[in-house]
1. Kindly write out, for the stretch A:329-346 in residue order, the coupling ³J(HN,Hα) from the Karplus curve 6.51 cos²θ - 1.76 cosθ + 1.60 (θ = phi - 60°), rounded to whole Hz, with x marking Gly and Pro.
2. For chain A, what does the convex hull of the Cα positions come to per residue, in cubic angstrom?
3. Among residues other than B:L217 whose Cβ falls under 12 Å from its Cβ, what is the net charge (Lys/Arg +1, Asp/Glu -1)?
4. If you roll a 1.4 Å probe over the protein assembly as shown with all protein chains in place, what percent of the accessible area is carbon or sulfur?
5. Can you tell me, using C-alpha contacts under 8 Å and at least 6 residues apart, the relative contact order of chain B as a whole percent?
6. Would you tally the net charge around B:N136, using a Cβ to Cβ cut-off of less than 15 Å, leaving B:N136 out, and scoring K and R as +1, D and E as -1?
7. If r is the Cβ-Cβ distance from A:S52 to A:S162 and R0 is 25 Å, what FRET efficiency results, to the nearest 0.05?
8. Can you list the residues in the stretch B:127-158 whose accessible area drops by at least 30 Å² when all protein chains are present, compared with the chain alone? Use a 1.4 Å probe, heavy atoms only.
Amino acid sequence: MSIGLPRMFSLHASLLGLFLFGAPAAGATDAPSGPTLVRTYCSGCHLEHGGSFERISSIRKSPEGWVMTLFRMHQVHGLALPEDAHDGIVRYLADTQGLAPSESAAGRFALERRPNARDLDLGPDLAAMCGRCHSLARVALQRRDADDWLKHMHFHVGQFPSLEYQASARDRPWWTIATTELPAKLGSLFPLNSAAWTAWSQGAHRELMGSWVVVGHEPGGRDLYGTAEINTDGHGGYTARYRLSDTRGGTVGGESHAIVYTGYEWRGRGELGGRASREVFAVSEDGSRISGRWFDPDHEERGGDWTAVRADAAPQVLAVLPRSMKAGSSGPITIVATGLPAGPELSLGAGTTVRITSVEAASVHAAVEVATDAAAGARAVTIGRASAAGQFAIYQHIDKVDVTPGFAIARVGGGKTAAVTAQFEATASTHDAAGKLVELGPFTADWSTKPFDAEAARTHDETFGGAIEPGGRYMPAGAGLNPVRDYSGNNTANLKVLARVHDGDVAVEGDSHLIVTVQRWVTTPIY
Amino acid sequence: MRMTTRGLLAVALVAVTTAFAIAPPARAGDLLLTAAKPDRLYVIDTATRSVRSEFRIPNAGAHITTIVPSPDGKVAYVLVNRMESISGINLKTGREVFRADLSVPGERVKDFCAFTITPDGKELIVYELPTKLLPNEYRVEEPRFAVFRTNAGLKAKSIRAYSAPRRLHLMLMRPSGKSFYAIGVDLYEYDVASGKLLNTRGIQKWDLVAHSQPDLLAFWPVTEPTGVFTSPVISDATAGGITAMKTGLMSLDVVSGALDFADFEDTSALIFSTVLAPDRKFAYGVYSTLTKIDIEHHSLAQRVPLDHTFYSVNIATDGHEIYMGGAMCDVAFYDPQTLQKRANLKLPGCGDQSLASLRVIPAR
């Protein structure tokens, strides 16, 4: 939709497909500077005044936020950027007008594309005014003063005139609120200037080259551990080479190419175990830890948690795999840790007998026997000079099974829009001697579904919605009208998901709620 | 209007197929107007349940919503181009005889479904939502009613404009031609000539006993065949300490000005639009079900599931048949007594009707 702005540049076809992950870095010596790029490509409309650009200089955002802005400038206003200019502008703006780590912390789940995340609670008014269309994380990942938030409201209604007509808008004087109370409130909650940003933007940040110890967990799937070697790529980015082990057996190699925006926002693109992966990580403020989520670019809902710690860090236990053992059982265990001495001694606490079977750079493998009368409860794990509480527990029996997420959404797939699956995980707990529930970690389970209520049974949702795989992943059915359903409805479903965990001869059940719904047509970098 | 050979063939095939399959009893029929993506306006002969004409609307922007026929039934005014243009199509020739492109360089103007025509057919009154497109910001301007002369041709410009409230979704001309109703946050009545606000009634200002603020958004401007516009209304009603969601019917007689509202059920199905039967004893509502509402007893008379969602409903001038459209590419014909389906007419090309109005005009 043309709005009469000059179309200054020819369309670059790759712009739409481009994203943050490991794009060629604009760090070569002959690359134009960030201000030059903004001046060249943006100042035709966003006039420059003494080094500041109208609107642009009044906003701070996450890297994804700037990508969304450039996408809109392309899509709505006809701006076409060469790929390297696009990347250079995003990088420059994210670096100079980004968010401090403390400012992006609350909305990280959205940057990490976490499925089934619970949105921020900013109160019912903001939920209705903003959160009914997009996540409140998208709001909380921006900084403006009240006058620019007001312009943002004008943009919203100018671009999306049906906003005022929708449910939760037409029950109130939406435009009056949007142009009076709301900008003031947002300007107070998320102002352009902050002490946190001043401190962060003026501070020095550690380089990330070196050896790192990595642990990762893919819900419903695998635990990974091993090492990462991070180097510079010579163009202002990083390369990471992974050598990981899968607790289910085998090794997982991989590598990625990443750009670190704003001094801490790691965005990587690579492959892990032969499959393409994307990385949205954050470097801790002291530069000692990298954490976040990696995911499949074609199915962003598939991915896992990721933590890397510098290999030369102070001794610490990163993971104990598995996270629990049953009294009277025996089996292997893996401790992932930094600062391992030669010939480490391992203790898993009372009631356990441990025999170390092998020691690697950042992991120790042991054979463990748990006494039949070992008391149920959490155990401190000590390896060399590192110890950890809350990472390992002994149980006599499983008392409770929880299924996470407790509420999930899957989407039917077909055509240009792939299905969105839902991955469930069963975690168990036991009571310790004091009666306190102690988490035992993920367990394998027998998975099944049943109608959530009588209406779901009547409409045969279980038959039409899809199927759950043995690993707890729900695969939705195809999209489109189904003439054998009421109203030719889609293969939507309202289901209870059941996990049955076997503890000896006893089975303990947990459940979750799954909605299988229709496709989402517009998938944005920040939902 | 221009029509492709393929389109003509498709129309003919549908007509033939329909005639063989579901030939209705012969009676003086109405014509139905509907529209579908990307740019089609259809005239359907209800007597034969066949497509009489298929017209292409120029520069429709693959987006067609509200249809307002001229009082003499010769021209259909259609909101197209993502709510930014009104195109008048001659229903005999298919030629575009009127065009108002509301946006101008530097100002984008949308009409959220609301426009109406004077009884003499000479003026269109259009609800305009303008936004100034400044170099690096948008500025939302105050809404207005803009008046266009229908003989202004294909580059029509408004001849006068009046201040209007925000968030209107419907406009209905009164038969006198002196005033029109505008429905949104409240029910407003404006003077056609001066644009003066004559009165404000109902909806959010309704003082409904033991009811929450009512909610309605039916933006299909159907007053045929009775001269009464009806809209489903949702509200919470409290009785005996129990609060329940209620579906009611708002009715506005554009002839007498009578405004009424009454619940008819605890909400058990969504209804998007309704129409009042000529005997005024029943109204019919659609979405994924067809609902028959007993007007006299304020009760749910009957409800049947539909093959798929329909957003638009209308009824024969003599009340013998219910018509449904506004979604996907078929128009359904139902028996108002039994709510049983009599026929489906698939539109040639199978474009999505996508919220388009379904209007009844006399057969000529």
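1. 9, 9, x, x, 9, 10, 10, 9, 7, 9, x, 6, x, 5, x, x, 9, 10
2. Values: hull volume 95.6 nm³, N = 527.
Convex hull of Cα atoms, per residue: 181 Å³.
3. -1
4. Working: 19700 of 37130 Å².
In the protein assembly as shown, the share of accessible area belonging to carbon and sulfur is 53 percent.
5. Details: 970 pairs, mean separation 48.7, N = 364.
Taking the mean separation of contacting Cα pairs over the length of chain B, I get 13 percent.
6. Working: positive: A:R39, A:R55, A:R72, A:R144, A:K151, B:K132, B:R139; negative: A:E48, A:E54, A:D147, A:D148, B:E137.
After counting each charged neighbour, the total is +2.
7. Values: r = 34 Å, r/R0 = 1.36.
The formula returns an efficiency of 0.15 here.
8. Listed in order, they are B:L133, B:P135, B:N136, B:E137, B:Y138, B:V140.
The values are calculated or read from the model by the stated rules, or taken from the named source; none is laboratory data. Please read all numbers here as calculations on a predicted model, not as lab measurements. All Cβ positions, glycine included, derive from the backbone under ideal geometry; neighbour counts span all protein chains shown. Heads up: the accessible areas ignore ligands, DNA and RNA and are worked out on the full protein's heavy atoms, side chains in. Shrake-Rupley method; radii C 1.70, N 1.55, O 1.52, S 1.80 Å.
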